[in-house]
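Asks: Pasting a structure here, questions to come.
The values are calculated or read from the model by the stated rules, or taken from the named source; none is laboratory data. As the structure is a computational prediction, the values presented were derived from the model and not from experiment. Glycine gets a Cβ as well: all are built from the backbone with ideal geometry, and neighbour counts include every protein chain shown.
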Amino acid sequence: MSVACTKLDAMSKQLPPGLLELAEHQCGIVTKSQAAAAGLSRDVVAAHVRYGRWQRLHPGVFATFTGEPSRLAVLWAAVLSAGSGAVLSYQTAAELAGLITRPSDLVHVTIPGNRRVVCRPGSVIHISARAAAARHPVRLPPQTRVEETILDLAAAARTIDDACAWITRGLGSRLTTADKLRQALEARAKVRWRAEVAELLGAGAAGFHSILERRYHRDVERPHGLPSARRQALFRIGDHNEYRDVLYEAYRTAVELDGDATHPAEIRRRDVRRDNAAAADGMVTLRYGWFDVAQTPCRVAAEVERVLAGRGFAGAHPCSAACPVGDVTRQRRPSA
């Protein structure tokens with residue numbers, strides 16, 4: 001993400017040299033203790049604020065300029081307000097890393113586990129014993145490494161599909177690698193969805209789509225006798241080409257395997273437009289996430305079977321006595 005710092009005005013450039021350099025480094029934001037270390041007394045700082053030369057953004061945190069603070073100045077103010085060892089994290093670190101395109105309404109800050117701070121309006125405070133280890137070594141404002149950011153967001157996800165979507169977004173963006181994410185995962189003592197995330201990152205799994213497609217074939221298609229399908233199939237819709245995760249071409253049925261809760265709105269709209277266009281051309285699209293395929297494969301198989309059976313397929317069978325697959329075929333079979 002590239003966001004320019006606020007340009008300092010002429011008055012700001014009259015700061016003591018050491019404080020001016022620091023202010024320029026921090027997008028015009030300084031703290032009361034930094035000003036004092038540079039030789040500015042409390043009365044001088046108060047006068048700057050009183051006469052409108054500075055702005056008080058948080059207790060003890062000031063913008064040394066007039067006008068609207070830039071986004072980076074707001075983030076600097078939030079992390080400096082949280083004190084020593086604080087880092088921007090979660091959605092805010094994802095914004096800075098380029099994992100998301102729309103800034104979060106709240107600024108997320110993580111502080112060391114041995115400290116407590118007052119949460120400022122517009123901020124969310126997280127506490128972590130790994131704050132120092134998670135900090136990116138060079139990027140500013142202070143922020144978590146991209147691997148730590150991804151794992152934080154995955155751990156905070158409401159569902160396993162959402163968690164997997166963060167992992168695949170990180171890998172798909174090429175901001176990190178499976179090896180780096182595995183190392184970060186191993187460094188954490190407690191991780192929500194550890195087994196599922198580890199499987200995603202496991203050797204031989206080249207990302208979310210390949211492992212979910214493998215599970216779909218192994219647990220949904222093969223045990224239930226569903227027909228052979230094309231993977232990542234090129235499919236013509238209107239005047240352009242599209243790719244489908246699983247395509248039962250003879251039955252005009254597609255299956256998309258994803259967890260799209262964290263997708264930007266424009267991607268969700270694109271998917272809806274694509275599915276609607278495909279439906280207009282007679283193509284049915286079914287969508288399943290990680291939880292569906294991993295936890296309820298028989299239900300998924302039964303739903304796929306119902307669609308395929310309506311288009312002429314009759315070869316599905318249950319994998320067990322309790323499996324619902326085959327109900328459609330049995331109900332349609334004429335009685336003796």
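Asks: From the list R116, R56, R120, R71, exactly one residue is of a type in the set (D, E, K, R), without any contact (Cβ under 8 Å) to a residue 12 or more places away in the chain and surrounded by 14 or more Cβ atoms within 10 Å (Cβ to Cβ). Which is it?
Replies: On the way: R116 fails: surrounded by 14 or more Cβ atoms within 10 Å (Cβ to Cβ); R120 fails: without any contact (Cβ under 8 Å) to a residue 12 or more places away in the chain; R71 fails: without any contact (Cβ under 8 Å) to a residue 12 or more places away in the chain.
Going through R116, R56, R120, R71 in turn, just one is of a type in the set (D, E, K, R), without any contact (Cβ under 8 Å) to a residue 12 or more places away in the chain and surrounded by 14 or more Cβ atoms within 10 Å (Cβ to Cβ): R56.
Asks: Okay, moving on. I need a count of the residues in the stretch 300-317 that are out of contact with any Ser or Thr (no Cβ under 7 Å at 6 or more places or on another chain) and buried (at least 20 other Cβ atoms within 10 Å of the Cβ).
Replies: Initial filter on the stretch 300-317 (out of contact with any Ser or Thr (no Cβ under 7 Å at 6 or more places or on another chain)): 300-306, 310, 312-313, 315, 317.
Still in the running and buried (at least 20 other Cβ atoms within 10 Å of the Cβ): 300-302, 304-305, 313.
Total satisfying the criteria: 6.
Asks: If you check V45, V107, which single one turns out to be at negative phi and at pLDDT 95 or above? Can you show your working first?
Replies: Working: V45 fails: at pLDDT 95 or above.
Unique residue meeting the criteria: V107.
Asks: Let me confirm something: among T64, T144, which residue is surrounded by 21 or more Cβ atoms within 10 Å (Cβ to Cβ) and at pLDDT 95 or above?
Replies: Values: T64 fails: at pLDDT 95 or above.
Answer to the check: T144.
Asks: Considering only residues that are of a type in the set (S, T, Y) and at pLDDT 95 or above, look in the stretch 82-104 and name the one that is nearest to A156 (Cα to Cα).
Replies: Restricting to residues being of a type in the set (S, T, Y) and at pLDDT 95 or above, the top hit is Y90.
Asks: Working carefully through the options V118, V138, V146, find the one that is within 17 Å of the chain's Cα centre (by Cα) and among the hydrophobic types (A, V, I, L, M, F, W, C).
Replies: Of V118, V138, V146, the one residue that is within 17 Å of the chain's Cα centre (by Cα) and among the hydrophobic types (A, V, I, L, M, F, W, C) is V146.
Asks: Give me the residue from the stretch 147-181 that is in a helix (DSSP H, G or I) and in contact with an Asp or Glu (Cβ under 6 Å, 6 or more places away or on another chain) and, out of that set, surrounded by the fewest Cβ atoms within 10 Å (Cβ to Cβ). So that I can check it myself, show each step before the final result.
Replies: Start the filter on the stretch 147-181 by keeping residues that are in a helix (DSSP H, G or I), which leaves 147-156, 160-172, 178-181.
Narrowing the set further to residues that are in contact with an Asp or Glu (Cβ under 6 Å, 6 or more places away or on another chain) leaves 160, 180-181.
On the way: I160: 20, K180: 16, L181: 23.
Applying the filter and picking the extreme gives K180.
Asks: Starting from the stretch 180-199, take each residue that is farther than 17 Å from A157 by Cα and in the same structural domain as D152 (by TED's automatic domain parsing) and list its partners that are polar (S, T, N, Q) and assigned to a helix (DSSP H, G or I), counting only C-beta distances under 8 angstrom and pairs at least six apart or across chains.
Replies: Pairs found: none.
Asks: Right, here's the next one. Somewhere in the stretch 76-92, is a residue over 28 Å from L20 (Cβ atoms) and of a type in the set (S, T, N, Q)?
Replies: For the stretch 76-92, residues over 28 Å from L20 (Cβ atoms) and of a type in the set (S, T, N, Q): present.
Asks: Does V304 satisfy being at pLDDT below 90 and in a helix (DSSP H, G or I)?
Replies: It is false that V304 is at pLDDT below 90 and in a helix (DSSP H, G or I).
Asks: Right, here's the next one. Looking at H25, H48, which is the one that is outside the structural domain of I127 (by TED's automatic domain parsing), surrounded by fewer than 23 Cβ atoms within 10 Å (Cβ to Cβ), of a type outside the set (A, V, I, L, M, F, W, C) and closer than 30 Å to A129 by Cα? First the steps, then the outcome.
Replies: Values: H48 fails: closer than 30 Å to A129 by Cα.
Answer to the selection: H25.
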